[in-house]
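Dropping the structure in here first, questions after.
The values are calculated or read from the model by the stated rules, or taken from the named source; none is laboratory data. Everything numeric in this text was worked out from a predicted model, so none of it was measured. Here the Cβ is made from the backbone with ideal geometry for all residues, glycine too, and neighbour counts use every protein chain on show.
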């Protein structure tokens with residue numbers, strides 16, 4: 001027996017309005033949710049249109065919020081943010097808008113602070129090559145650009 005709850009279009013609309021109001025969502029997340037709710041394609045399209053028209057679903061706003069949030073809280077560099085937005089099928093146009101949310105000054109200050117913090121954590125590493133590798137891996141994983149990372153590595157002695 002199938003135990004999945006079925007939803008009317010109006011119930012699904014209300015549920016997805018709450019889903020989108022709780023936190024910014026991208027189109028991909030909402031279509032996934034509709035799929036999980038087993039909505040037929042016609043109903044899903046109707047609900048998506050409703051969410052977009054009523055500004056519950058806004059890809060540009062999602063991308064901007066995502067970029068700001070991941071940069072400020074997780075200290076991600078632009079490469080990581082870019083890749084994560086691509087994974088969510090955000091358009092190139094919206095990705096460019098999102099990356100403009102991060103000021104150059106704040107970006108470099110954050111990089112410097114993160115690099116310094118990581119160097120402090122690596123003071124016990126005596127092998128210079130290992131220290132440089134651990135340092136680089138840490139920053140690359142977070143999506144910082146190679147010219148920034150290699151510039152910092154050259155300062156490590």
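What about residue 40, is it more than 22 Å from residue 139 (Cα to Cα), outside the structural domain of residue 114 (by TED's automatic domain parsing) and out of contact with any helix residue (DSSP H, G or I) (no Cβ under 9 Å at 6 or more places or on another chain)?
Values: more than 22 Å from residue 139 (Cα to Cα): yes; outside the structural domain of residue 114 (by TED's automatic domain parsing): yes; out of contact with any helix residue (DSSP H, G or I) (no Cβ under 9 Å at 6 or more places or on another chain): yes.
It is true that residue 40 is more than 22 Å from residue 139 (Cα to Cα), outside the structural domain of residue 114 (by TED's automatic domain parsing) and out of contact with any helix residue (DSSP H, G or I) (no Cβ under 9 Å at 6 or more places or on another chain).
It is to be established whether one or more residues within the range 35-54 are surrounded by fewer than 18 Cβ atoms within 10 Å (Cβ to Cβ) and in contact (Cβ under 8 Å) with a residue 40 or more places away in the chain.
No: zero hits.
Answer with yes or no whether residue 80 is in contact (Cβ under 8 Å) with a residue 60 or more places away in the chain and under 16 Å from residue 24 (Cβ atoms).
Here the answer is no, as residue 80 does not meet what is asked.
Select, from 122, 128, the only residue that is over 21 Å from the mean Cα position of the chain (by Cα) and in contact (Cβ under 8 Å) with a residue 24 or more places away in the chain.
128
If you don't mind, there's one more thing I want to ask. Given (1) crowded, with 17+ Cβ neighbours inside 10 Å; (2) within 17 Å of the chain's Cα centre (by Cα), identify the lone condition not met by residue 141.
(1)
Report yes if some residue within the range 2-12 is within 22 Å of the chain's Cα centre (by Cα) and not assigned by TED's automatic domain parsing to the domain that holds residue 148; otherwise report no.
Pass one, the range 2-12, residues within 22 Å of the chain's Cα centre (by Cα): none.
The answer is no; no qualifying residue exists.
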